[in-house]
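Structure, as C-alpha cells:
Every read-out reported here was derived from the displayed coordinates using simple, explicitly stated rules and does not represent laboratory data. Keep in mind that what you see is a predicted model, and the values were worked out from it rather than measured. In this analysis, Cβ positions are derived from the backbone assuming ideal geometry, glycine residues included, and neighbour counts consider all displayed protein chains.
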Amino acid sequence: MERPNLIERLLNLLRRWRSGEASATNGMITCREALERLFEFMDGELEGVEEKQVEEHLRICERCYPHLLFEQSFRAAVRRTFEGERAPETVRNRILELLRTGQSEA
Ligand SMILES: [Zn+2]
C-alpha cells in the first residue's frame with residue numbers, strides 16, 4: 001500500500017467537504033471499528049465494502065493512521081527478528097493495550 005502524502009490527504013478532505021460528505025458521517029465507520037479490523041485489513045481478510053470502509057477510514061483519520069504505520073513497522077521489525085515465525089501474540093497485545101490506554105488517557 002502506498003503511503004498517501006499530506007497534500008493528497010488534504011485534497012481528499014476538501015473533496016469530501018465540497019460534496020458535503022464530511023459533515024455527515026454516513027458510511028464512515030468509527031475509530032473503534034477501524035482499529036478492531038486493522039489486523040484483518042492488513043492480513044487481507046476483509047472483502048468488499050468492509051475493506052473499503054477500513055481503508056477509507058485509515059486514509060482520512062488522523063488518529064487511526066498512525067496505528068496502521070505503527071503496526072506495519074512493528075510487523076516488519078518482528079519479521080526481521082523472528083524470520084518467518086508468527087509475531088508473538090503476547091507482545092503484540094501488550095503494545096496494543098499500551099496504545100489504547102495512552103489514547104483514552106490523552
Ligand atoms: Zn479513526
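Observations on the model:
- Ile7/Thr81 FRET efficiency (R0 30 Å; Cβ-Cβ; nearest 0.05): 0.30
- Maximal additional length on extending the Arg59-Ser73 stretch stands at 3.4 nm, based on 0.36 nm per residue less the C-alpha distance.
- Each residue, Cys31 and Arg94, gets one label point 7 Å from its Cα in the Cβ direction; the gap between the two is 2.5 nm.
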